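Chemist: The structure under discussion is supplied below as structure tokens; questions concerning it will follow.
What follows is calculated from the coordinates using simple rules that are stated; it is not laboratory data. Just so it is clear, the structure is predicted and the values come from calculations on it, not from any experiment. No Cβ is skipped: glycine too gets one built from the backbone with ideal geometry, and neighbour counts run over all protein chains shown.
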Number of protein chains: 2
Amino acid sequence: MGRTSDARNKILGAATTLLEQRGYSALGVAEICTTASVPKGSFYYFFESKQALALTVIDEHWASQRRQWVELLSSDRDPLRRLRDLFQATEAVQRAGQRKGGLVVGCLFGNLALELSNQAEEIRSRLQEIFEAQIDLIEQVIVEAKDLGQAGASVDAHEAARSMVAQIEGRALLAKLLNDPAQLETLWRNSLDLLQVPPQVRAALD
Amino acid sequence: MGRTSDARNKILGAATTLLEQRGYSALGVAEICTTASVPKGSFYYFFESKQALALTVIDEHWASQRRQWVELLSSDRDPLRRLRDLFQATEAVQRAGQRKGGLVVGCLFGNLALELSNQAEEIRSRLQEIFEAQIDLIEQVIVEAKDLGQAGASVDAHEAARSMVAQIEGRALLAKLLNDPAQLETLWRNSLDLLQVPPQVRAALD
């Protein structure tokens, strides 16, 4: 093995899984290295600290999730259908996680936000940026829906997008607590209410 | 000092504060005892383990919060106003926490749900019971609102209550992450949308 990018990827893979399963504080560098099958020296070659590793895990997780969000939310489908695609993909991710490890792991960003935001300023500010980026991506779709008359004219697109991100996090929390990805199923219906989608538009969507 | 109920209360007080600030895994029994100014022997006289202590903190926190919820949600005010009272009280609790310690601590149950539900079955099941009890308390008020024609007839009271608890958790997460209790302000307006409250009822509430 040794100090190859392969070792770096193994550390990142092991750290992501362990962070999702057990959170940050319960985790030690030694355990990450054992799980990744790399010597401890490799760890400190690639990462200055456990926190630096966590930041890298967060960044890579968001880079991958962001690609998915942008693809779904900028497709050529109707704006409301794009939102539904996003919610369905979010639920599918949790179902896949449950199939793989037996347990719903929830949202890595939400988990770390609640565990760490009052303890690690650098992690807090990174997670703030990610949630604001999520809100912006959803806001653009709501603006499009409003322009087409598919959402209430009085809806504040930015605030509604913020509520949707909050909803996703709240539902992911219940899904993890109950080990039940179906907790995410209502995101779509609730969003139609939050966006004050007119009845005839709803009927056409079903 | 010694093995008096005073020592038990000191341990519980210190544990609650530390759990809110830093979560469960980052916390040791020795630190709890130092913060509480009690000898370690006292700890194990009152609590079998750190997990047993956490369960007691959860139970006492819920006993107190439940009293507040029941008082607010069974007052003789209009059902929707009672919901607003609950949301305002929830925000006030976070504002008070921020004034006291400088940081929004979020919801203790939500924090522990994300940190621990996949690691400690007893804590998971206790938190499940608490969230289900919260959902039931809110559901009763929604049923009353529906009976009075203040919420849409097609609204599923149980599902709407579940969405409100999810919303509270999602907003508490943003409030903690952004250290901004105002993130909870929109709970009320979003709930009016989720409950499909007719325009004339909304106008009378403002």
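Chemist: As a check on your grasp of the helix formula, calculate [θ] at 222 nm for chain A: sum -39500 (n - 2.57) over DSSP H runs of n ≥ 4, divide by the residue count, round to the nearest 500.
Modeler: Value at 222 nm, helices only: -24500 deg cm²/dmol.
Chemist: Among B:Pro181, B:Pro79, B:Pro39, determine the one that fluctuates most according to a GNM of chain B built with springs between C-alpha atoms less than 10 Å apart.
Modeler: B:Pro39
Chemist: Also, quick follow-up: Below 15 angstrom from the Cβ of B:Asp136, what's the summed charge of the other residues (Lys, Arg +1; Asp, Glu -1)?
Modeler: Net local charge, B:Asp136 excluded: -3.
Chemist: Give me the percent relative contact order of region A:110-173, please, defined on Cα pairs under 8 angstrom at least 6 residues apart.
Modeler: Reported as a whole number, the value is 29 percent.
Chemist: How far, in nm to one decimal, is B:Ala92 from itself in the other copies if the label point is set 7 angstrom along Cα toward Cβ? Shortest first, please.
Modeler: List, nearest first: 4.6 nm.
Chemist: Here's another thing I want to ask about it. What FRET efficiency comes out for B:Asp136 versus B:Gln88 if R0 is 22 angstrom and r is the Cβ-Cβ distance? Round to the nearest 0.05.
Modeler: Taking R0 as 22 Å, the efficiency between B:Asp136 and B:Gln88 is 0.60.
Chemist: If you put +1 on each Lys and Arg Cβ and -1 on each Asp and Glu Cβ, how big is the dipole of the protein assembly as shown around its Cα centre, in Debye rounded to 20?
Modeler: Value, rounded to 20: 1000 debye.
Chemist: Something else now. Considering the options B:Ala15, B:Ser42, B:Ala26, tell which one lies farthest towards the positive end of the dipole of region B:1-47, charges being +1 on Lys and Arg and -1 on Asp and Glu at the Cβ, about the Cα centre.
Modeler: The listed residue farthest towards the positive side: B:Ser42.
Chemist: Counting only pairs 8 or more residues apart or on different chains, how many lysine pairs in the protein assembly as shown have their Cα atoms under 20 Å apart?
Modeler: Close lysine pairs found across the protein assembly as shown: 11.
Chemist: Once Lys and Arg get +1 and Asp and Glu get -1 on their Cβ, which of A:Gln128, A:Gly106, A:Val201 lies farthest toward the positive end of the dipole of chain A?
Modeler: Of the candidates, A:Gly106 comes out farthest on the positive side.
Chemist: Continuing with the same structure: Output the relative contact order of region B:53-205, whole-number percent, from Cα pairs under 8 angstrom with separation of 6+ residues.
Modeler: 27 percent
Chemist: For A:Asp156 and A:Arg189 in one chain, what is 0.36 nm times their gap in residues minus the Cα-Cα distance, to one decimal in nm?
Modeler: Going from the current span to full extension adds 10.1 nm.
Chemist: Along Cα-to-Cβ, 7 Å out, sits the label point; list in nm, shortest first, how far the one on A:Gln200 is from those in the other copies.
Modeler: 2.4
Chemist: Hey, got the dipole for region B:93-206? About the Cα centre, +1 on K and R Cβ, -1 on D and E Cβ, debye to the nearest 20?
Modeler: About 560 debye.
Chemist: Hey, another quick one. Calculate the length of the line joining the C-alpha centroid of region A:88-161 to that of region B:55-97, in whole Å.
Modeler: The two parts, judged by their Cα centres, are 27 Å apart.
Chemist: In a GNM of chain B with a 10 Å cut-off on Cα contacts, which of B:Arg171, B:Arg189, B:Arg66 has the highest mean-square fluctuation?
Modeler: In this elastic network of chain B, the residue with the biggest mean-square fluctuation among B:Arg171, B:Arg189, B:Arg66 is B:Arg189.
Chemist: Here's another thing I want to ask about it. Which distances in nm, rounded to one decimal and ordered from shortest, link the label point of B:Tyr44 to the equivalent label points in the other identical copies, with labels set 7 Å from Cα toward Cβ?
Modeler: So the label point of B:Tyr44 gives 3.4 nm to the other copies.
Chemist: Okay, moving on. Compute the angle between helix A:121-147 and the longest alpha-carbon principal axis of chain A, please, reported from 0 to 90 degrees and rounded to the nearest 10.
Modeler: Tilt relative to chain A: about 20 degrees.
Chemist: For chain A, with a Gaussian network of springs between Cα atoms less than 10 Å apart, report the residue from A:Ser154, A:Ser117, A:Ser125 with the top mean-square fluctuation.
Modeler: A:Ser154
Chemist: Can you pull the one-decimal nm distance between simple spin-label points at B:Tyr44 and B:Glu129, each 7 Å off the Cα toward Cβ?
Modeler: In this crude spin-label approximation the distance works out to 2.8 nm.
Chemist: Quick one: net charge of A:Gly23's neighbours, Cβ under 13 Å, K/R +1, D/E -1?
Modeler: Result for the neighbourhood of A:Gly23: 0.
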